[in-house]
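Trainee: What follows is a structure written as structure tokens; I'll ask about it next.
The values are calculated or read from the model by the stated rules, or taken from the named source; none is laboratory data. Fair warning: this is a prediction, and the values are worked out from it, not measured in the lab. Virtual Cβ from ideal backbone geometry, glycine too; neighbours counted across all protein chains shown. Ligands, DNA and RNA are excluded from the accessible area calculation, which covers all protein heavy atoms including side chains. Shrake-Rupley method; radii C 1.70, N 1.55, O 1.52, S 1.80 Å.
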Amino acid sequence: MNINTYLGVGSAVTKPTKRIPTILTADELLDKAFHRVLKIRKEGDDRMDGKKKTTVARLTASGDIISTTLTLYVRAFPSMSKREEFQMELLDLLVGLDQLKKSLAALSWCSAQVMKLRKEYIRRSKNAPKMSDLERVRKEYYGRVSSMINQIAGDLEVVAKGREAFKKLPAIDATVPTVVIAGFPNVGKSQLVDRISTAKPTIASYPFTTQGITIGHFQEGWRRYQVVDTPGLLDRELSERNEIERQAILALKYLADVIVFVLDPSETSGYTMEKQMRLLGEVKKEFGSIPVIEVENKIDLLDSGSERMKMSALEGIGVERLQGQITQHLKQSAKAKVTDADFSIDKGSEQEGE
Ligand SMILES: Nc1nc2c(ncn2[C@@H]2O[C@H](COP(=O)(O)OP(=O)(O)OP(=O)(O)O)[C@@H](O)[C@H]2O)c(=O)[nH]1
Ligand SMILES: [Mg+2]
């Protein structure tokens with residue numbers, strides 16, 4: 001079955017949603033279902049009748065709470081259009097879409113099962129001849145519902161993790177020309193992104209400060225460009241990369257129209273130039289079709305004397321020149337050409353109408 005069936009059908013979601021409710025754990029859900037209903041009391045013709053009506057009302061309410069809560073979770077997951085491949089891949093990396101799909105299906109299944117039990121035990125409560133039978137029926141119902149919810153405890157955890165991933169999903173516009181900033185950890189990528197875009201990433205003097213993808217923008221004339229800050233990459237095989245690094249790889253693969261590769265010849269990042277150069281070679285090999293701008297950062301600390309472009313993201317030296325080069329590349333990107341075409345068609349049709 002297609003993931004979209006479980007992630008809801010219909011329109012594309014380009015922005016993270018805030019509407020997925022907090023996902024309760026199995027214990028919290030049972031607590032909510034069984035304790036809240038204790039407040040319900042019904043009057044009857046006699047003690048037995050009152051007890052029966054109360055039991056039936058409690059069974060009904062607790063079943064409803066569980067079933068509607070689970071169904072709400074399943075329905076709250078937004079759909080993802082095929083076009084947002086990057087977001088799909090990112091979600092897959094962070095939660096595992098197959099697992100999320102299975103877990104949402106498990107919640108649906110459980111919701112339906114609880115409704116079945118509810119029906120069965122309401123009938124049995126109504127037919128209970130004695131107080132003790134009524135108590136036994138109630139206990140059995142609670143026991144069966146509890147074990148069913150405990151069965152999906154792991155699925156609730158997966159769905160909760162899915163919710164977190166959805167919440168943090170960067171709002172990417174796949175049609176906007178995009179520069180992705182890459183390099184070793186601690187070389188100054190976030191400092192650069194902070195300088196050239198609207199994004200305000202965390203900057204700190206330790207590796208792996210950036211743990212996910214941050215999106216910023218900058219404007220040049222009427223054009224808007226996307227800037228993507230990525231977590232640092234080490235020079236190792238893709239199979240050895242951790243979840244944080246893999247997010248950077250996904251951003252390079254799916255988003256980059258141009259890559260800025262930041263090097264730190266001062267090596268104050270804690271990594272040798274040899275290692276950094278090896279990674280640069282890998283990136284160029286892996287993403288051969290994407291132009292790479294190489295820039296040496298921290299020129300305030302060390303000027304290597306190489307031919308490469310230099311800057312100090314910290315002090316703002318050379319940043320404008322770099323930004324100019326980025327813009328040149330982005331202007332020439334296929335995405336920019338599509339926007340240009342749209343723009344001229346719009347202008348054309350306006351003129352026709354005049
Ligand atoms: N002296 C100097 N320090 C810099 C410069 N650019 C960044 N730094 C410092 O280097 C450290 C790392 O900067 P970040 O921008 O967080 O580095 P990053 O590449 O984003 O690091 P990760 O997110 O961990 O991959 C911080 O302490 C910055 O202040 C620079 O041009 N000169
Ligand atoms: Mg960073």
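Trainee: Inspect all residues belonging to the range 284-299 and state whether any of them is touching a strand residue (DSSP E or B) at 6+ places or on another chain (Cβ under 9 Å), of a type outside the set (D, E, K, R) and open to solvent by 80 Å² or more (accessible area, probe 1.4 Å).
Mentor: Initially, the range 284-299 is screened for residues touching a strand residue (DSSP E or B) at 6+ places or on another chain (Cβ under 9 Å), giving 284, 287, 290-299.
Add one more test, that the residue is of a type outside the set (D, E, K, R), and what stays is 287, 290-293, 295, 297, 299.
Add one more test, that the residue is open to solvent by 80 Å² or more (accessible area, probe 1.4 Å), and what stays is none.
No: the range 284-299 contains no residue that is touching a strand residue (DSSP E or B) at 6+ places or on another chain (Cβ under 9 Å), of a type outside the set (D, E, K, R) and open to solvent by 80 Å² or more (accessible area, probe 1.4 Å).
Trainee: When you scan the range 50-62, do you find a residue that is open to solvent by less than 60 Å² (accessible area, probe 1.4 Å) and closer than 20 Å to Leu156 by Cα, even just one? Talk me through it step by step, then tell me what you get.
Mentor: Taking the range 50-62 as the starting set, the residues that turn out to be open to solvent by less than 60 Å² (accessible area, probe 1.4 Å) are 50, 52, 54-62.
Applying the additional criterion that residues be closer than 20 Å to Leu156 by Cα yields 62.
There is at least one residue in the range 50-62 that is open to solvent by less than 60 Å² (accessible area, probe 1.4 Å) and closer than 20 Å to Leu156 by Cα.
Trainee: When you look at Asp257, is it closer than 19 Å to Leu322 by Cα and within 15 Å of ligand 2 (Cβ to nearest atom), yes or no?
Mentor: Values: closer than 19 Å to Leu322 by Cα: yes; within 15 Å of ligand 2 (Cβ to nearest atom): no.
So Asp257 fails the test.
Trainee: Please go through the range 208-224 and give me each residue that is within 16 Å of ligand 1 (Cβ to nearest atom) and open to solvent by 70 Å² or more (accessible area, probe 1.4 Å), ordered by number.
Mentor: Going residue by residue through the range 208-224, those that are within 16 Å of ligand 1 (Cβ to nearest atom) are 208-216.
Within the range 208-224, Gln211 is the sole residue that qualifies.
Trainee: Next question, about the same structure. Looking only at residues in the range 242-254 that are touching a Gly at 6+ places or on another chain (Cβ under 8 Å) and of a type outside the set (S, T, N, Q), which one is farthest from ligand 2 (Cβ to nearest atom)?
Mentor: The initial filter retains those residues of the range 242-254 that are touching a Gly at 6+ places or on another chain (Cβ under 8 Å), namely 244-245, 247-248.
If we keep only those that are of a type outside the set (S, T, N, Q) too, we end up with 244-245, 248.
Details: Ile244: 11, Glu245: 12, Ala248: 10 Å.
Ranking the qualifying residues of the range 242-254, first place goes to Glu245.
Trainee: Mind checking which residues of the range 111-163 are under 23 Å from Leu100 (Cβ atoms), in contact (Cβ under 8 Å) with a residue 60 or more places away in the chain and open to solvent by 60 Å² or more (accessible area, probe 1.4 Å)?
Mentor: Residues satisfying the conditions are Asn150, Glu157, Lys161.
Trainee: Can you give me the number of residues within the range 204-228 that are among the aliphatic types (A, V, I, L, M), within 10 Å of ligand 2 (Cβ to nearest atom) and part of a strand (DSSP E or B)?
Mentor: Of the residues in the range 204-228, the ones among the aliphatic types (A, V, I, L, M) are 204, 213, 215, 227-228.
Filter once more, so that each one left must be within 10 Å of ligand 2 (Cβ to nearest atom): 204.
Imposing the further condition that a residue be part of a strand (DSSP E or B) reduces the set to none.
Going through the range 204-228 one residue at a time, the tally reaches 0.
Trainee: Now for a different question. Among (1) more than 26 Å from Leu94 (Cβ to Cβ); (2) at pLDDT 95 or above, which single condition is Ala248 missing?
Mentor: (1)
Trainee: Further question on the same structure: Only residues that are of a type outside the set (S, T, N, Q) and open to solvent by 10 Å² or more (accessible area, probe 1.4 Å): list them for the range 178-195, please. Explain how you work it out, then say what you get.
Mentor: So the first thing to find is which residues in the range 178-195 are of a type outside the set (S, T, N, Q), and the list is 179-185, 187-189, 192-195.
Listed by number, the residues that qualify are Gly188, Lys189, Asp194, Arg195.
Trainee: Still on this model: Just to be sure before I move on: is Ala204 within 14 Å of ligand 1 (Cβ to nearest atom) and open to solvent by 10 Å² or more (accessible area, probe 1.4 Å) in the structure I sent?
Mentor: Values: within 14 Å of ligand 1 (Cβ to nearest atom): yes; open to solvent by 10 Å² or more (accessible area, probe 1.4 Å): yes.
So Ala204 passes the test.
Trainee: Quick one: Glu240 ticks every box in (1) within 20 Å of Ile293 (Cβ to Cβ); (2) charged (D, E, K, R); (3) without any contact (Cβ under 8 Å) to a residue 60 or more places away in the chain except a single one, so which number is it?
Mentor: Failed condition: (1).
Trainee: Hey, any hits in the range 71-94 for a residue that's among the polar types (S, T, N, Q), at pLDDT 95 or above and open to solvent by less than 50 Å² (accessible area, probe 1.4 Å)? Explain how you work it out, then say what you get.
Mentor: Restricting attention to the range 71-94, the residues satisfying the condition of being among the polar types (S, T, N, Q) are 71, 79, 81, 87.
In the following step, the residues that additionally are at pLDDT 95 or above were identified as 71.
When the remaining residues are screened for being open to solvent by less than 50 Å² (accessible area, probe 1.4 Å), the result is 71.
Yes: the range 71-94 contains one or more residues that are among the polar types (S, T, N, Q), at pLDDT 95 or above and open to solvent by less than 50 Å² (accessible area, probe 1.4 Å).
Trainee: Any idea which residue in the range 229-241 is most open to solvent (accessible area, probe 1.4 Å), counting only those that are within 15 Å of ligand 2 (Cβ to nearest atom) and part of a loop (DSSP other than H, G, I, E, B)? Even if it seems obvious, please write down each step before you answer.
Mentor: Of all residues in the range 229-241, those within 15 Å of ligand 2 (Cβ to nearest atom) come to 229-234.
Subset that is part of a loop (DSSP other than H, G, I, E, B): 230-234.
Values: Thr230: 2, Pro231: 0, Gly232: 4, Leu233: 2, Leu234: 36 Å².
The residue in question is Leu234.
Trainee: Still on this structure: Which residues, taken from the range 17-29, are modelled with pLDDT of 95 or more and either open to solvent by less than 20 Å² (accessible area, probe 1.4 Å) or at positive phi (or both)?
Mentor: Ile23, Ala26, Leu29
Trainee: If you don't mind, there's one more thing I want to ask. Just checking, how many residues over the range 269-293 are part of a loop (DSSP other than H, G, I, E, B), on the phi < 0 side of the Ramachandran plot and touching a residue at least 40 places away in the same chain (Cβ under 8 Å)? So that I can check it myself, show each step before the final result.
Mentor: Here is the first cut: in the range 269-293, the ones part of a loop (DSSP other than H, G, I, E, B) are 269-272, 287-291.
Right, trim to on the phi < 0 side of the Ramachandran plot and you get 269, 271-272, 287-291.
Those still in the list that are touching a residue at least 40 places away in the same chain (Cβ under 8 Å) too: 269, 271.
The number of residues fulfilling the criteria is 2.
Trainee: Are there any pairs with C-beta distances below 8 angstrom linking a residue in the range 201-213 that is touching a residue at least 40 places away in the same chain (Cβ under 8 Å) to a residue that is open to solvent by 50 Å² or more (accessible area, probe 1.4 Å) and near ligand 2 (Cβ under 9 Å from one of its atoms), with the two at least 6 apart or on different chains, and if so which?
Mentor: Matching pairs, first to second residue: none at all.
Trainee: Here is a further query. What number of residues within the range 300-335 are of a type in the set (S, T, N, Q), open to solvent by 30 Å² or more (accessible area, probe 1.4 Å) and not in a loop (DSSP other than H, G, I, E, B)? I'd like the intermediate steps shown before the answer.
Mentor: Filtering the range 300-335 down to residues of a type in the set (S, T, N, Q) leaves 304, 306, 312, 323, 325, 327-328, 332-333.
Filter once more, so that each one left must be open to solvent by 30 Å² or more (accessible area, probe 1.4 Å): 304, 306, 323, 325, 328, 332.
Still in the list and also not in a loop (DSSP other than H, G, I, E, B): 323, 325, 328.
Total satisfying the criteria: 3.
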